[in-house]
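Reviewing the structure listed below.
What follows draws every value from the coordinates through simple rules; no lab data is involved. Fair warning: this is a prediction, and the values are worked out from it, not measured in the lab. Methodologically, a virtual Cβ is constructed for each residue, glycine included, from the backbone with ideal geometry; neighbour enumeration extends over all protein chains shown.
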Amino acid sequence: MHLIALPGLTLAFAASVAVAQPTVPAAPSCADRARQPTTNGPSALVSVTGATVGVIDSASLAPFMRRTLSEALTARIPGVSVMHSSGVAGAGSRVRLRGPSGIILAQEPLLYIDGIRVEGALQSIALNSGGQAPSRLDDVPIEDVDCIYVLRGPAATARYGTDAAGGVIHVVTRRAGQDQARVHTFLEGGTATDVTDYPANFGSPNGGTCSRARAALGQCVGGAMQSWNPIDADSPFRTASLIHGGGRVTVVDGPRTSLGVSGSGTVADGALRNNDHQRYGAVATATVHPGSALNVEGDLWLTGGKTRLPQVGNFILSIINSALLGSSIDDTVRRGYRNAPISALEQFGTDQRVQRIGGVARVRWTPRDWLAVSALAGREDARMRDEQLDPSFQFSTLPNVGPPTVRATAEQRGQRSSANVSATATYGLASARLTTEVGLDYLDETDRRVERVVTVGAQQPFESYYAYSASDPTTKGLIVRQALAARDRVFLEGGVRYDVLDRAFVELKNPIYPFASVAWDVVRPAPASSPAALSSLRVRAAYGESGDSRPYDAAIAFAVSVPPGTPSPSSRPRVERARELEGGIDVGLFGDRANVEATYFTKRTSDALIPGVLPPSTGTGALQVIVNSASWENRGIELAARARVVDAANVRADIALTFTSLKNEVLGLGTVPPMIGTNYRITPGYPLYGTWGRPFSVADQNGDGVIVPAEVTAASTAQFLGASTPTRELGIAPAVVLGHAITIAALIDHRGGFRAVNSGGRLRCNAVCADLYSPDASFADQARAVDASDAAAAWIEDASFVKLRELAVSWTMPARWSRAVGARASSVTLAGHNLATSTSYTGLDPEGTYTGQTRIEQEDLFVLPLPRTVSLRFDVRW
């Protein structure tokens, strides 16, 4: 079976809509396959864990197809939050499982492919490009994905050990012959268009400015006020094209041997000029089943591509920034203090080339009905090269010195080698079946980076060189698990994982991670034809612990030191520790025509790293160090429901709902004082990176309708304004099948209860925003425009939104049409992405953030909004 990569773990409810493909026999769903026997014999079922695991089946993605892995996760599983960092083609997304975690480094989920850990950094770039960056998560060719399993917290990830505190995304690739077609080809083409309504600027032709507030103070300069839109005058946008195509071929599909190969490629232009993205991928899978007791599988994959990232979110050189801050009218777009035509700004950016090659071999041997031995070994090699024209010197105005040319390159290489072996014994009576598992896990990682900067200009050329080496961590783990299944209705399990850690820069205490779970089928699942209103009922609970050592590398990279001296084994620093308890109930109604899953979880992180300062009394001076003293808690409710609301002869309608309510709270910082920034704070009793600002009042003292700074008064102390990450999320995915041929599907996504800092809007009101001039502007809007200090809190806005993420219509063509070209089935799909947004946020896009994918804070600084995408796709199966 292909799921041996999930040791001792089977899965609960799959919250997705399965869309019919009438001409192709439906394969078992990912959730169904996860519950199949993993050894021979009727008594060899793996017990069902009490921890819930999110499941996405490839069938539920069929109507939309052209997407990245992070897009496939969006709004489909409760507790999985995906926020796109910008609309730049090739940029990644922030993926958080069960809320924000981390101070020095956000806890990102790990990425596994077919059982081995691979590079899955959410923000992967060495040379800053204004916040947005590619994500290694999105290198996975989505066309080759069969199942996606999301383990949202330590209750489910304890078996994965250290660094799994942020969750695990486990991808299982397609096997040869799995889609019942010998050959499957597809081709998709479309366009991406920026549809943002960018605000107009206000100013005077000769560079002067005169706001109503300044007029009231007698500070007018320049001529008559005018309004204009620089982006309309010299638009940096284009109607971008995209092409996506590929196919799969089953070379051999016999009872004992199978072999399949696949490949795909994407060429996408960004809606912003000077942005393009190409990606390719190829996968080969093979299975050899020489006898009933032995099964051997192997996968080999190659992915790569090239991305051109423009400067977005950069205060000086962002094209959007330059247009929206332009303070004069001319035939070029100007920045506020120095001329910069778009043609000049467009040359700045980062070119990234990436190549990844990996493979895994898996062996399963069942010498007895009660005994199974599994082993796997794999490795991935990832190489990345960034090239950048460094913008920081381009507009140098040194006297008698021409602007130098600064080019920077950075090369990164990482390898991950994984191995796992486990033995599982199942024994006992039919009424009480025991399962014992013992496993060994090994992971070795290597990361290298070299940076080179060359400056050539009127001054003496020079070159700098920097080599960086990460800690090259090695993790060895021992897993012991014991499970009991009583009459196939009550399932108990308990176990422990012990890790031996080798980290170059710091000696960490070797951790132990216990886990336990219970599940009780109060009402056993009834067949689909059963008329019973209550067809299944399960009550479950699980507990687990995990850790994260990655913040140590991040702290050292930022020159934050571990306390000096070699610690003794008893006082070694500890990994960040996460403990999670969850409980829930799963209900099936009317023969599982409707399913509801409800889960409550509470996750506490302790021993978390936070920057501190050693006092001078230690003899080291005021040395900045990291200490294991912070703690916080994430808790929430996750709901998922799916139902077949219509099941007639020619009409079938399904709907899936996901809802998450989250709360994050800092419990303590030890002896370290609260971290206070301009807009964000880390304070006990409040969320990580919560937004704070001073309340203010406005009084039109002279009654002229014009607010001046003297009429704005701010409180002396700041107040908590709200979380910087969503505290409630809702996904709605309806699908309708008409006449067994036409499928209409949509995805609606709501994020609420959080705030974003509209830094772009605040900067515009230094000179050119409408609220400085408009007679219709409210007192509050005038106040935040004219008084950037006292009314700064007004720029920390409610960023709640509702988006129509996807809408698609798919038509399965008549069988005779397919047979005319020798095909078994064919279909055509028209799909749209990011079609509409509803929000009260006054900035460009409440979702984007210039802080990128690895920060918790939400700050909008002229980030490119998501473009509207429309595409047409053809699928043919032979």
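Data table
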{"item": "Convex hull per residue volume in Å³, alpha carbons only, for region 644-742", "result": "217"}
{"item": "Gain upon complete extension [I676, A233; 0.36 nm per residue less C-alpha separation]", "result": "155.3 nm"}
{"item": "Where labels lie 7 Å past Cα in the beta-carbon direction, separation of V454 and V373 in nm", "result": "5.6"}
{"item": "Candidate lysines for bridging to K603, where Cα separation is under 21 Å - those fewer than 8 sequence places away on the same chain excluded", "result": "K663"}
{"item": "Theoretical FRET efficiency, 1/(1+(r/R0)^6), r = Cβ-Cβ of T257 and T602, R0 56 Å, to 0.05", "result": "0.70"}
{"item": "Counted charge near L429, where neighbours are those whose Cβ lies closer than 15 Å (Asp, Glu -1; Lys, Arg +1)", "result": "+1"}
{"item": "Geometric extent, Cα atoms of region 78-175 - Rg, Dmax (angstrom)", "result": "13.6, 41"}
{"item": "Using a Förster distance of 35 Å, the FRET efficiency for A767-I243 (Cβ separation, nearest 0.05)", "result": "0.25"}
{"item": "Under Karplus coefficients 6.51, -1.76 and 1.60, residue-wise ³J(HN,Hα) of region 499-507 in Hz, glycine/proline x", "result": "10, 10, 9, 10, 10, 5, 8, 8, 8"}
{"item": "Debye intensity ratio I(q)/I(0), log10, region 765-830, q values 0.17, 0.20 Å⁻¹ (C-alpha model)", "result": "-0.75, -0.85"}
{"item": "Under 21 Å from the Cα of K509 - lysines, other chains or at least 8 residues apart", "result": "K476"}
{"item": "Extension reserve of the L667-A815 stretch, reckoned as 0.36 nm per residue once the Cα distance is removed", "result": "47.1 nm"}
{"item": "Per-residue Cβ neighbour rank within 10 angstrom, fewest leading, E297, E445", "result": "E445, E297"}
